[in-house]
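Before any comments, here is the structure.
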Amino acid sequence: MPKKREPSLLLELKPSQRLKQLLIVMHALALGASIANALPITVKLLLLTGICIHFRFMIKRLKNEQYKIKHTEALGWEIAGGNDFKPVQVLNSTVITVFAIFLHFTDNTRKQSVLIINDALNEDDYRRLIVRLKTAGKK
């Protein structure tokens, strides 16, 4: 019986609005905690400044990160942080849920991870990615 071939998978992740909202809430809570504590005013101001700088850096990073994920039977998994796809191996430590995928992979030089919130892809593409991660096998 001939083996059924899976079509190639090419997905482009867009910035997640849910992740952006989560970052806003977490930084707002951190700002509130830095104001409500009993530290001297200079330390409070330093904390406020640090939290605001970190928030700005994270929002800018969230807008600039554009990942593309590709899977074919012949080449396996490939990920592009820009325009060039690099072959990677998806690791067993990858966590798959209906809300997010914590994709752990290695490019034979270092281990990396990408957080894929379910609104970074349309519903069908997110489902196809989950199925492909489960069926293509993690190493």
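The values are calculated or read from the model by the stated rules, or taken from the named source; none is laboratory data. Source: prediction; values computed, not measured. Glycine also receives a Cβ, built like all others from the backbone with ideal geometry; neighbour counts cover every protein chain displayed.
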Original post:
Among the candidates 100, 74, 136, which residue alone is farther than 23 Å from residue 19 by Cβ and touching a residue at least 12 places away in the same chain (Cβ under 8 Å)?
Top reply: 136
**OP:** Using the structure shown, decide if residue 50 is more than 30 Å from residue 133 (Cβ to Cβ) and loosely packed, with under 13 Cβ neighbours inside 10 Å.
**Re:** yes
Original post:
If residue 90 satisfies every condition in (1) of a type outside the set (Phe, Trp, Tyr); (2) surrounded by 13 or more Cβ atoms within 10 Å (Cβ to Cβ); (3) out of contact with any His (no Cβ under 9 Å at 6 or more places or on another chain) but one, which is the exception?
Top reply: (3)
**OP:** Could you tell me whether the stretch 90-110 includes any residue that is modelled with pLDDT under 90 and in contact with a strand residue (DSSP E or B) (Cβ under 6 Å, 6 or more places away or on another chain)?
**Re:** yes
Original post:
Are any of the residues in the stretch 32-39 modelled with pLDDT of 90 or more and part of a strand (DSSP E or B)?
Top reply: no
**OP:** Those residues that are within 15 Å of residue 118 (Cα to Cα) and in contact (Cβ under 8 Å) with a residue 24 or more places away in the chain, I need them from the stretch 12-61; list them, please.
**Re:** 12, 13, 14, 15, 16, 17, 18, 19, 20
Subject >> Filtered residues of the stretch 95-124 (kept if outside any strand (DSSP E or B), of a type outside the set (D, E, K, R) and closer than 18 Å to residue 9 by Cα) >> reply: 118, 120, 121, 122
**OP:** Tell me, please, whether a residue that is surrounded by fewer than 13 Cβ atoms within 10 Å (Cβ to Cβ) and not in a helix (DSSP H, G or I) can be found in the stretch 9-29.
**Re:** yes
**OP:** Kindly indicate which of 74, 80 is surrounded by 13 or more Cβ atoms within 10 Å (Cβ to Cβ), of a type in the set (Gly, Ala, Ser) and either within 14 Å of the chain's Cα centre (by Cα) or at pLDDT below 90 (or both).
**Re:** 80
